[in-house]
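Presented below is the structure to which this report refers.
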Amino acid sequence: MRLRLSLRHRPLAGLGLAIALLAGCENSLPRRSPLPQARPAAVAVQPQTPQPPSDKSLSLARYYRAVQNDLLTQGLLRTDGGGPDTPFTADDLVRDFINIAFFDEYTRGPLAGGRGSAGALSRWQAPVRVNVEYGASVQYDQRTKDGNSITGYVRRLARVSGHSITMAPRSTEANFHVFVAGEDDSAFVQSRIAQLIPTISTPELEMFGNLPRNFYCLVIAVASPRNPDTYINAVALIRSEHPDLVRLACIHEELAQGLGLPNDSPEARPSIFNDDDEFALLTRHDELLLKMLYDPRLSPGMTPDQARPIARIIARELMGQAL
């Protein structure tokens, strides 16, 4: 069973903040987990009753507000989806699709960035059913706001990709689990993920409880043991301490990456799949990447060389250019 990891992060050098890197990064996270074990019987999950956040969580919230303000001051976190200043061609789409769909953003642990190694095309074949769980530190008004944002975005992803993606009313009916939780909720999140993915390794599980603050959010997509290029489960974590726009940006990127676009590329523009934070929300360029990913002419397991000529045809069709 293969797990693919994607995280949204920011170097933060522009803020003059030092980042402590984890030691021992030469020990990479396993590319494959042990063979799947029998899933325990479904347990009814009671919603967490809101509790006042701790001083540590409040401090982190202040820090992220400063980060968002800094980004907005620089003209980043755009929500316009691009415009005349961000033109792209069919050839750009093909290049970005290959870079983003066929490479892993992280191949040597959560702090080892880079393009990674080329893999096969991976995506969902079964319908995607999304459920949201909240940590106790998340207040009711934020739960309502985030629930509405996720529900609307799921509808958009379904419309754009052409794949069946809907909300699931209960976690027992879901295969894409989204956690909105804060620093105070680490034990709850780790416990739930251990239930949802019994074969998750200890280093992978620990990421959900010890995420460095410059890593905003993350998603892990789990592939089938019988077909390592087909996703059957996913778990995303959205930090609740983020201010509204950064939190929404995390929702947009992690859910899209969990569908099969796991990498970032500095060449992709206008795009959220770029670590420069220029765009906060899914762009028209990114919608076309999702259309390409779920086009029936492409199939899980294809290599970049196999997919490139087909992707070129699809991109030219989408851009209205002659083949």
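The values are calculated or read from the model by the stated rules, or taken from the named source; none is laboratory data. Keep in mind the model is a prediction, meaning the values are calculated, not measured. Positions of Cβ are backbone-derived with ideal geometry, glycine not excepted, and every protein chain shown enters the neighbour counts.
So that you can scan it fast, the table gives a plain yes or no per residue for (1) hydroxyl-bearing (Ser, Thr, Tyr); (2) in contact with a His (Cβ under 9 Å, 6 or more places away or on another chain); (3) outside any loop (DSSP other than H, G, I, E, B); (4) at pLDDT 95 or above:
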residue	(1), (2), (3), (4)
Val138	no, no, no, yes
Gln142	no, no, yes, yes
Gly152	no, no, yes, yes
Ala158	no, no, yes, yes
Pro169	no, no, no, no
Asp185	no, no, yes, yes
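Would you say Glu241 is assigned to a loop (DSSP other than H, G, I, E, B), among the acidic types (Asp, Glu) and more than 18 Å from Arg129 (Cβ to Cβ)?
Yes: the conditions hold for Glu241.
Give Pro300, Pro262, Pro296 a once-over and let me know the one that is free of Cβ contacts under 8 Å to residues at least 12 places away in the same chain and closer than 21 Å to Gly162 by Cβ.
Step by step, each of Pro300, Pro262, Pro296 is checked, and only Pro296 is free of Cβ contacts under 8 Å to residues at least 12 places away in the same chain and closer than 21 Å to Gly162 by Cβ.
Please go through segment 84-108 and pick out each residue that is modelled with pLDDT of 95 or more, among the polar types (S, T, N, Q) and part of a loop (DSSP other than H, G, I, E, B).
Thr86, Thr89
Starting from segment 137-148, take each residue that is closer than 12 Å to Arg247 by Cβ and list its partners that are of a type outside the set (Asp, Glu) and part of a helix (DSSP H, G or I), counting only C-beta distances under 8 angstrom and pairs at least six apart or across chains.
Qualifying pairs under 8 Å: Asp146/Arg247; Asp146/Ile251.
Scan (1) touching a helix residue (DSSP H, G or I) at 6+ places or on another chain (Cβ under 8 Å); (2) buried (at least 18 other Cβ atoms within 10 Å of the Cβ); (3) farther than 26 Å from Gln195 by Cβ for the single condition Ala118 breaks and write down its number.
Condition (2) is where Ala118 drops out.
Condition check: in contact with a helix residue (DSSP H, G or I) (Cβ under 6 Å, 6 or more places away or on another chain), modelled with pLDDT of 95 or more, over 30 Å from Pro266 (Cβ atoms) and buried (at least 16 other Cβ atoms within 10 Å of the Cβ). Does Val132 satisfy that? If you could, list the steps in order and put the result at the bottom.
Working: in contact with a helix residue (DSSP H, G or I) (Cβ under 6 Å, 6 or more places away or on another chain): yes; modelled with pLDDT of 95 or more: yes; over 30 Å from Pro266 (Cβ atoms): yes; buried (at least 16 other Cβ atoms within 10 Å of the Cβ): yes.
So Val132 passes the test.
For segment 48-83, give me the residue count where each residue is outside any helix (DSSP H, G or I) and either modelled with pLDDT of 95 or more or surrounded by 10 or more Cβ atoms within 10 Å (Cβ to Cβ) (or both).
16
Looking only at segment 268-277, decide whether some residue is of a type in the set (Ser, Thr, Tyr), crowded, with 17+ Cβ neighbours inside 10 Å, touching a helix residue (DSSP H, G or I) at 6+ places or on another chain (Cβ under 7 Å) and assigned to a loop (DSSP other than H, G, I, E, B).
Yes, segment 268-277 contains at least one residue that is of a type in the set (Ser, Thr, Tyr), crowded, with 17+ Cβ neighbours inside 10 Å, touching a helix residue (DSSP H, G or I) at 6+ places or on another chain (Cβ under 7 Å) and assigned to a loop (DSSP other than H, G, I, E, B).
Find all pairs meeting these conditions: Cβ atoms under 9 angstrom apart; at least six residues apart or on different chains; first residue within segment 54-75 and on the phi > 0 side of the Ramachandran plot; second residue not in a helix (DSSP H, G or I).
From residues that are on the phi > 0 side of the Ramachandran plot, the pairs are Gly75/Glu278.
Has segment 254-262 got any residue that is over 11 Å from the mean Cα position of the chain (by Cα) and either in a strand (DSSP E or B) or not charged (D, E, K, R) (or both)? Before you say what the answer is, go through the steps one by one.
If we filter segment 254-262 for residues that are over 11 Å from the mean Cα position of the chain (by Cα), which is where we start, we get none.
Looking through segment 254-262, none of the residues is over 11 Å from the mean Cα position of the chain (by Cα) and either in a strand (DSSP E or B) or not charged (D, E, K, R) (or both).
Which pairs turn up if I take residues in segment 157-172 that are on the phi > 0 side of the Ramachandran plot and of a type outside the set (Ser, Thr, Tyr) and look for partners that are part of a helix (DSSP H, G or I) and crowded, with 16+ Cβ neighbours inside 10 Å with beta carbon separation below 8 Å, at least 6 apart in sequence or on another chain?
Gly162/Lys291
Within the group Asp264, Asp229, which residue is crowded, with 24+ Cβ neighbours inside 10 Å and either within 24 Å of Arg65 (Cα to Cα) or of a type in the set (Asp, Glu) (or both)? Full working, then the answer.
Numbers: Asp229 fails: crowded, with 24+ Cβ neighbours inside 10 Å.
Criteria check complete, one pass: Asp264.
With the checklist (1) buried (at least 17 other Cβ atoms within 10 Å of the Cβ); (2) outside any helix (DSSP H, G or I) in hand, flag the one item Asn210 doesn't pass.
In the conditions (1) buried (at least 17 other Cβ atoms within 10 Å of the Cβ); (2) outside any helix (DSSP H, G or I), Asn210 misses (1) alone.
If you scan segment 155-199, which residues turn out to be β-branched (Val, Ile, Thr), buried (at least 18 other Cβ atoms within 10 Å of the Cβ) and in contact with a helix residue (DSSP H, G or I) (Cβ under 7 Å, 6 or more places away or on another chain)?
Val160, Ile165, Val178, Val180, Ile193, listed by residue number.
Could you please find all residues in segment 109-129 being among the hydroxyl-bearing types (Ser, Thr, Tyr) and modelled with pLDDT of 95 or more?
At the first step, the residues of segment 109-129 found to be among the hydroxyl-bearing types (Ser, Thr, Tyr) are 117, 122.
The one that is among the hydroxyl-bearing types (Ser, Thr, Tyr) and modelled with pLDDT of 95 or more: Ser122.
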